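The values are calculated or read from the model by the stated rules, or taken from the named source; none is laboratory data. Computed from a predicted structure; not experimentally measured. Quick reminder, even Gly has a Cβ in these numbers, built from the backbone with ideal geometry, and neighbours come from all protein chains shown.
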Amino acid sequence: MARTGLYPGSFDPLTNGHIDILRAAFALVDRVVVAIGRHPTKAGLLDLDTRIALIQEVAGPLAEAESVELVVESFDNLVVDFAREVGATILIRGLRDGTDLDYEMQMVGMNLTMAHWLQTVFVPASPHHRHITATLVRQIATMGGDIGPFVPASAADAVRQAVARQKP
Ligand code: ADP
């Protein structure tokens, strides 16, 4: 039976940390659905189409090399409801530190109560990338810093362009 894993997040922008988790996911399941949360009030730095295109461009070849199907979509409902919609039975989450763990354990409890068929699988962050957060990447870019070490080159370009557009 083909297994589908759902990897939800903001991906604003896709970082090298996200790519580590995706590589692990490609070794675990047959189909990965990356789900970008849509917020009615928070637009984010990159628009949804750009975030989707970046993930497809960077992670697509990695998935193909592992014979895994990659789907990238946005969603604005509960993760458990979106997981049901796409046929996912595994929820993939990255763990960077104890703060992530505390938050994630709350989510596991709530999600399992709502959807016992959806099992969360934690992937530990790699030592090289565990410090990376998309929030800090956006802050560094906004203040003119070099985000090259933290994100794929195409994501760095997209972020720089978005920051330049924001400037008055
Ligand atoms: P961020 O928290 O950086 O804004 P997201 O909200 O998009 O990123 O996170 C989506 C998922 O990716 C979460 O499970 C998060 O723990 C994981 N993740 C984010 N950054 C990393 C990283 N550097 N290493 C491992 N996992 C990460």
Write out, first by first residue and then by second, each pair whose Cβ atoms fall under 6 Å of each other, whose residues are 6+ apart or on separate chains, and whose first residue, in the stretch 84-99, is in contact (Cβ under 8 Å) with a residue 60 or more places away in the chain and among the small types (Gly, Ala, Ser) while the second is more than 9 Å from the ligand (Cβ to nearest atom) and assigned to a helix (DSSP H, G or I). none
Condition first: at pLDDT below 95 and among the small types (Gly, Ala, Ser). Now tell me which residues in the stretch 11-63 satisfy that. ALA43, GLY44
Tell me, which strands (runs of 3 or more DSSP E) lie completely within the stretch 57-168 with 2 or more residues that are surrounded by 18 or more Cβ atoms within 10 Å (Cβ to Cβ)? 69-75, 90-95
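Criterion first (within 18 Å of the chain's Cα centre (by Cα) and more than 17 Å from THR4 (Cα to Cα)) does ASP97 satisfy it? Don't jump to the end; show me each part of the working.
Numbers: within 18 Å of the chain's Cα centre (by Cα): yes; more than 17 Å from THR4 (Cα to Cα): yes.
Judged against the criteria, ASP97 is a match.
Looking for something more than 14 Å from the ligand (Cβ to nearest atom), of a type outside the set (D, E, K, R), modelled with pLDDT of 95 or more and within 16 Å of the chain's Cα centre (by Cα) - is there at least one such residue anywhere in the stretch 122-138?
Scanning the stretch 122-138 turns up no residue that is more than 14 Å from the ligand (Cβ to nearest atom), of a type outside the set (D, E, K, R), modelled with pLDDT of 95 or more and within 16 Å of the chain's Cα centre (by Cα).
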The stretch 18-45, subset more than 17 Å from VAL72 (Cα to Cα) and touching a residue at least 60 places away in the same chain (Cβ under 8 Å), residue surrounded by the most Cβ atoms within 10 Å (Cβ to Cβ): LEU45
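May I ask you to verify whether LEU45 is in contact with an Asp or Glu (Cβ under 7 Å, 6 or more places away or on another chain) and closer than 28 Å to ARG160 by Cβ? Walk me through how you get there before you give the answer.
Numbers: in contact with an Asp or Glu (Cβ under 7 Å, 6 or more places away or on another chain): yes; closer than 28 Å to ARG160 by Cβ: yes.
Taking the combined requirement at face value, the residue satisfies it.
Can you give me the number of residues within the stretch 1-55 that are polar (S, T, N, Q), part of a loop (DSSP other than H, G, I, E, B) and over 18 Å from VAL151 (Cα atoms)? Break it down into steps so the answer makes sense when it comes.
Within the stretch 1-55, the first condition is being polar (S, T, N, Q), and the residues that meet it are 4, 10, 15-16, 41, 50.
Subsequent filtering for residues that are part of a loop (DSSP other than H, G, I, E, B) retains 10, 15, 41.
In the following step, the residues that additionally are over 18 Å from VAL151 (Cα atoms) were identified as 41.
Residues meeting the conditions: 1.
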